[in-house]
Structures are given as C-alpha cells and as structure tokens.
Amino acid sequence: MNKIYLDNAATTPLAEEVIDAMVQVMKVNYGNPSSTHSLGQEAKILIENVRREVADYLHASPSEIIFTSCGTESNNMIIKSCINHLGVERIITSPMEHKCVAETVLDMKKRKGVEVVYLRPDQKGDFDLTKLEEVLKGSEKKTLVSLMHANNEIGNLLDIKKVAQLCKENNALFHSDTVQSMAHMALDFSDIPLDFASCSAHKFHGPKGSGFAFVRKSSGLKGIITGGPQERTLRAGTENVCGIVGLGKALELSLKNMSEYTSHIKEIKKYTIDRLSAEIEGIKFNGRSAEEDKSLYTVLSVLLPFKDPMIGLKLDMKGIAISQGSACSSGAAKPSMVMMMILDEEEMQHTTPLRVSFSHLTSKAEIDTLVDALREIAESFKIENTNISHR
Ligand code: PLP
C-alpha cells in the first residue's frame, strides 16, 4: 500500500538532492574539519559555505550561526546558557512551547531556582502582548522571554518582531523556537531584534540530527558541550559535515522553490479546509489554524466532532500517516498541553484533535483519501450513536 504522508510537522522526507549531496560528503569529504591538511580543509570549507548560506537567508553574520545536532539541542543550549552564563533569573514563557523548551525551563526552575512566569493563551491560542509588557515591567530581575514563532500543533504564528521590540525596550533577552518556520518563510534577523533562534533540518526535507542555533553576536552566550574549539567553542565535538551539507542543500532547495512550494501548500490547505467542512458535519479548526495570514501554511489543526482515541491507528491502517498533535507527545495518554489550553471541558470530552501537516509533495488526491477515511470514521460514530439510542 502506498503511504499517504500528512505528518510533515513531525518530520519531512529527504529530498533526493539532499541525499546525493550527503552521500558525496560521506564518500569523498571524510576529512576532519579541524585537520590542517587539504582533506580536512575541504570539509571545513563545505561547513563554512553552509554557514554563509544560512547567514544570508537570515540577514545575519556567519559568526552568529552555530551548528548543532537538532532543534532540541539548540533550544537547550540557549536557555541553559542564559541562566548559567548570562545571569538570567526569570523566564517568561508559555504552556504552548515544545517539550524541549518546556522541560528545559522546568529543569532550570528546579535546579537553578529560576522564576518562571507563564503567559496563558486565549482560546484561539493567541497571547496578549500588553500582558507580556506588563509582566516585563513588573520585575527588576534579568529576564529571558522564550516564545515560539510557529506553534507545532496548531500553527499559530507569533508576531516575533513585536515581541522582540518589547523585549529590547524592557531590557530582556528574547529566544524564539523557530524550528517550524525556518526555511518555510522569509526571516530577516536584521529587522527582527531577537537574540536567539533555533532550526532543525529535518523539518524542511533535510536530515535528522542536524540543526543550528542563531546566537546574536553581542549576546555573550556560551555552549553547554565543552571540549574542542569547534563552532567557536559554543559547540565542541567534530562537526557533522554530512548533516550540515544536507541542511545546506535542503535550505537551498527551500529558498529556490519557496514561492512555488508556498502557493502549492496554501492551495492544498485551503482545499483540505473546504473539503473537510463540506463532508464532516460539526468539524472545527483549532486556534488560528484555518486563517491564512495568522498560521503557518504547513499546519492545519482539526477538531473532529467525535471522541476517538484510536483515530491515528485507524488512519494508519488505511495507509495514512498522521499525528494527533506533536510527534513527541503522540504516544502519551494525556491530551497535549496545547489542547488543554485552547479547548473547553466539553470539547475535551467529546472531540478528537488531528494535525494535518503538508509539504510541497502533498496532492489533492491524497487529501481526498483522507477526507473519505475521516467521513467513514465519522459515519461509524453516527451509526453507533443511533444504535445506542435505539436500545
Ligand atoms: N521545536 C519545535 C517547535 C518542534 O516542532 C520540534 C520538533 O518536533 C523541535 C523543537 C525539536 O526539534 P528536533 O527534532 O530537531 O530536536
């Protein structure tokens, strides 16, 4: 059975060109980038070329790009170093963050006694930035604000420029987890005065195990992995040359095709919204998910009008790979924190969230298959309910 892949917010399939570029590195450029001989220096040049490419994309300086193993590591490094090295005593964050931010913040609270202030979202998943300003002004403590750019479960976009400006005005540092938005939209860090951001290559058809942290030059951040002088001592360890080259190739393809990919995916998303709305009575869309200008175009968070904890399994048996929420929490029995924040008690008991996430490879025919499968499942619930009421 041909699989239909609608879980692109969890990870994306590798592009052929990315695989080719990585295989070439594995076969030919096996030198250690720290070695002074030509094989080593050739590997070093490959890394520096990608660093420059990333910096150009973000309108940043190459020295502000630190290659890491993933988004999780980048976020850990930034948050932990802010506490360990930059004197941060208070973190303002939200209950909607990815686990790698949420757990790191909790760890810093437990082990370092950092004060944590959570901004609560409204039912649409939005934050009141006046409240953020109030909280920023409410303490003299050195503060880090950590708020993600695009939410990985519902796709809500945060106005990171506005938040960055508020942080600047109030002397706070600003970190944004940009893992879902990097390489999917233009980002100009010469115009957005944030201090730190993160990226993971596997979210845009690059390899797993390769990412970077954007670290503003003047910030003074330090790494958490100590050892050799790689990555200007911010991330010791022999560089993952193959992974970095894969990230670079994936970024190159994303940027070259961005307008084509974006318009295709937006059209697919609109088609999905229209078809689901027409076929499944009572369906809803979570957060700002269905609003084009307020959500990431790759994510659509659906609220099915029936309770079915087995939905993922049922769809998988029909050949559709899809998650209910973030991949990290999809095995958990508890509903995700994001859903707990935006759904009311009634919805929590009688509905099922489903995250449909697209890529440029997604077709309308695949969406038709998803809609048919969901309609069938929805109908089975109606029949069940009718049988119950006739008993
Ligand atoms: N942040 C967000 C918003 C994510 O969606 C993910 C991945 O699911 C991560 C961080 C973690 O990235 P990685 O898988 O590279 O550790």
Taking LYS217 as the anchor, which lysines have their alpha carbon closer than 23 Å to its alpha carbon, excluding any fewer than eight residues away along the same chain? LYS44, LYS80, LYS141, LYS142, LYS161, LYS162, LYS168
Under the Karplus curve 6.51 cos²θ - 1.76 cosθ + 1.60, θ = phi - 60°, whole-Hz ³J(HN,Hα) for the range 203-218, x wherever Gly or Pro sits: 8, 9, 6, x, x, 6, x, 8, x, 8, 10, 8, 10, 4, 3, 7
Under the classification rounded if a/c is under 1.5, otherwise prolate if a/b is larger than b/c and oblate if not, where does the range 1-106 fall, given a ≥ b ≥ c as square roots of the Cα gyration tensor eigenvalues? oblate
Note, ³J(HN,Hα) from phi for the range 289-305, Karplus 6.51, -1.76, 1.60, rounded to Hz, x at Gly and Pro: 2, 8, 9, 4, 7, 10, 9, 5, 5, 7, 10, 10, 9, 9, 10, 7, x
Computed accessible area, VAL28, all protein chains, 1.4 angstrom probe, square angstrom: 70 Å²
Mean residue ellipticity at 222 nm from the helices of the chain, using -39,500 (n - 2.57) per DSSP H segment of n ≥ 4 over the full residue count, to the nearest 500 deg cm²/dmol? -13500 deg cm²/dmol
Residue span VAL23 to VAL116: 0.36 nm per residue of separation minus Cα-Cα distance leaves a gain in nm of 29.0 nm
How much length would be gained if the chain were fully extended between SER259 and GLU346, taking 0.36 nm per residue of separation minus their Cα-Cα distance, in nm to one decimal? 27.3 nm
For HIS85, HIS205, HIS59, HIS264, what's the largest-to-smallest order of accessible area, 1.4 Å probe? HIS59, HIS85, HIS264, HIS205
Checking the cross-link filter: which lysines have an alpha carbon closer than 18 Å to that of LYS284, excluding same-chain neighbours under 8 positions apart? LYS124, LYS269, LYS270, LYS294, LYS307, LYS382
Given H placed 1.01 Å from N in the peptide plane, which residues other than close sequence neighbours of THR68 have an amide H under 5 Å from its amide H? GLY211, PHE212, ALA213
A student applying the Cα gyration tensor rule (rounded when a/c is under 1.5; otherwise prolate if a/b is larger than b/c, oblate if not) would label the range 16-256 prolate
In range of the label at SER218: residues from the range 48-83 whose backbone nitrogen is under 19 Å from the point 7 Å along Cα→Cβ: 59-65, 82
The chain - percent of accessible surface contributed by carbon and sulfur, probe 1.4 Å: 52 percent
Starting from the amide H of ILE320, placed 1.01 Å from N in the peptide plane, find each other amide H under 5 Å away whose residue is 5 or more places distant or on another chain. ILE4
Could you tell me what % of all Cα pairs in the range 62-156 have separations over 19 Å? 44 percent
So, relative contact order of the chain in percent, Cα under 8 Å, 6 or more apart, is 23 percent
What is the dipole size for the range 16-256, taken about its Cα centre, with +1 at each Lys and Arg Cβ and -1 at each Asp and Glu Cβ, in debye to the nearest 20? 680 debye
Taking amide H atoms as placed 1.01 Å from N in the peptide plane, list the residues 5 or more away in sequence, or in a different chain, whose amide H sits under 5 Å from that of ASP7. SER357
Table column - 3J(HN,Hα) (Hz), the range 19-29, Karplus curve with 6.51, -1.76, 1.60, x for Gly and Pro: 4, 4, 5, 6, 4, 4, 5, 5, 7, 10, 9
Förster radius 56 Å - calculated FRET efficiency between ASP372 and THR36 (Cβ-Cβ, nearest 0.05): 0.40
Given charges at Cβ of Lys, Arg, Asp, Glu: the range 16-256 dipole, positive-most of LEU247, LEU187, GLN41: GLN41
Per residue, how many Å² of accessible area does the range 16-256 show with a 1.4 Å probe? 41 Å²
Which of rounded, prolate, oblate describes the range 197-323, given a ≥ b ≥ c as roots of the alpha-carbon gyration tensor eigenvalues and a/c under 1.5 marking rounded, otherwise prolate only if a/b is larger than b/c? prolate
Roughly what % of DSSP beta bridges within the chain run antiparallel, to the nearest 5? 55 percent
Round to the nearest 10 and report in Å² the accessible area of LEU39, as given by a 1.4 Å probe over the protein chains' heavy atoms. 50 Å²
With charges set only on the Cβ (+1 for Lys and Arg, -1 for Asp and Glu), what does the dipole of the range 266-387 come to about its Cα centre, in debye to the nearest 20? 320 debye
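The values are calculated or read from the model by the stated rules, or taken from the named source; none is laboratory data. What you are looking at is a predicted structure, and each value in this text was computed from that prediction instead of being measured. Every residue, glycine as well, gets a Cβ built from its backbone with ideal geometry; the counts of neighbours run over all protein chains shown. Surface accessibility is based on the protein's heavy atoms, side chains included, excluding ligands, DNA and RNA. Shrake-Rupley method; radii C 1.70, N 1.55, O 1.52, S 1.80 Å.
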